[in-house]
1. Any residue in the range 75-84 that is part of a loop (DSSP other than H, G, I, E, B), in contact (Cβ under 8 Å) with a residue 12 or more places away in the chain and open to solvent by 50 Å² or more (accessible area, probe 1.4 Å)?
2. Hey, could you check the range 92-115 for residues that are assigned to a helix (DSSP H, G or I) and touching a residue at least 40 places away in the same chain (Cβ under 8 Å) and say which is nearest to residue 33 (Cα to Cα)?
3. Considering only the range 35-42, I want to know if a residue exists there that is open to solvent by 70 Å² or more (accessible area, probe 1.4 Å), free of Cβ contacts under 8 Å to residues at least 12 places away in the same chain and among the aliphatic types (A, V, I, L, M).
4. Would you confirm whether or not the range 136-148 contains a residue that is assigned to a loop (DSSP other than H, G, I, E, B) and farther than 16 Å from residue 216 by Cα?
5. Which of the residues that make up the range 3-33 are in a loop (DSSP other than H, G, I, E, B), buried (at least 16 other Cβ atoms within 10 Å of the Cβ) and within 23 Å of the chain's Cα centre (by Cα)?
6. What about residue 120, is it under 14 Å from residue 8 (Cβ atoms) and open to solvent by less than 20 Å² (accessible area, probe 1.4 Å)?
7. Here's a check for you: in the range 138-160, which residue that is modelled with pLDDT of 90 or more and among the charged types (D, E, K, R) is surrounded by the most Cβ atoms within 10 Å (Cβ to Cβ)?
8. For the range 161-183, give me the residue count where each residue is open to solvent by 20 Å² or more (accessible area, probe 1.4 Å) and either closer than 24 Å to residue 83 by Cα or not in a loop (DSSP other than H, G, I, E, B) (or both).
Amino acid sequence: MLRVEQVMGLPVAIDVRDPGVSAAAIDAAFLWLRRVDLLFSTYRDDSEIARINRGELREPDAQPDVRAVLAACRALRDRTGGAFDAEAAARMPGARDRAGCGGGRPGAVEPAGYVKGWAVEGAWDVLTAAGARNSIVDGGGDVVVRGRPGPDGAWRVGIQHPFLDDRVAAVLEPGDSCIATSGAYRRGHHIVDPLTGEPPSGAVSVTCIGRDLATADALATAGYAMGHDGAEWLARQPDVEAMVIDDRGLVHMTPGFDAMRVDVPRDVPGFSHGAPSSPFDPDSTNPIERSRPCLQASR
């Protein structure tokens, strides 16, 4: 059962392969996503985040989900050394003029870099409660994968090629995991380095795989904001595997990420920055080593 709807400004696809799960369960998952939008959207002037950003609602008086998300964003700001910062995001051009960002008011927040993954994983939780065990939920490239599409196969997830719209950079069999990708090639320069206020340079695509989608999403955003330093920083994180494609056409990945790949593309066609194409195969990627994978490959 596959359904695609536009929610939170994104196309969200839910594909459930369990015959006992009803359409009502998918309805409930989309209802959850709409509730998240009502609480957190900075494109609305009536969300709880908008009211907090205008000083009309104290954080301690907000709903528990809002308080939990804002606490998680602060923890991630500390963990990433400020590379992920919901307060800085609210002050950035293109954000501070939104109805719900409080005009760049001190203390205003834009938690979308965490909320999208958190919301998508919450939709999966709704499906789980209804009995789903074999499903994908894909919210604009933030993906939760569970189970199998059928008795003889595994879910495969393609990572968008950063230079060619009709190609993928990698194909994964990730098992039960969560995948998030950050980059500027689809939505333009919507990510900035909070420490400089400028679009970062160095990375064109950052993909993180982990057990928790909200964290993977935030760490992918942070890794992208870190530019050339992002790959090595991500390799030190214990709860994600990562692939970074940089602006020289080089591919950096942790061994655990590489173990999930089922593709072996030979080059990066269409690279337009003057550097030679870089093979994707393991012999010529730049492995960013860690002591052990945080996830096991499914194959």
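1. no
2. Looking at residues that are assigned to a helix (DSSP H, G or I) and touching a residue at least 40 places away in the same chain (Cβ under 8 Å), I get 115.
3. Let us first name the residues in the range 35-42 that are open to solvent by 70 Å² or more (accessible area, probe 1.4 Å), namely 35, 38.
So of that shortlist, the ones also free of Cβ contacts under 8 Å to residues at least 12 places away in the same chain come out as 35, 38.
Those still in the list that are among the aliphatic types (A, V, I, L, M) too: 38.
Looking for residues that are open to solvent by 70 Å² or more (accessible area, probe 1.4 Å), free of Cβ contacts under 8 Å to residues at least 12 places away in the same chain and among the aliphatic types (A, V, I, L, M), one finds at least one in the range 35-42, hence yes.
4. The answer is yes, given that some residue of the range 136-148 is assigned to a loop (DSSP other than H, G, I, E, B) and farther than 16 Å from residue 216 by Cα.
5. Matches in the range 3-33: 8 only.
6. yes
7. 142
8. Total meeting the criteria: 3.
The values are calculated or read from the model by the stated rules, or taken from the named source; none is laboratory data. Every value quoted in this text rests on a predicted model; they were computed, and no experiment measured them. No Cβ is skipped: glycine too gets one built from the backbone with ideal geometry, and neighbour counts run over all protein chains shown. Just so you know, the surface numbers come from the protein's heavy atoms only, side chains and all, with ligands and any DNA or RNA stripped out. Shrake-Rupley method; radii C 1.70, N 1.55, O 1.52, S 1.80 Å.
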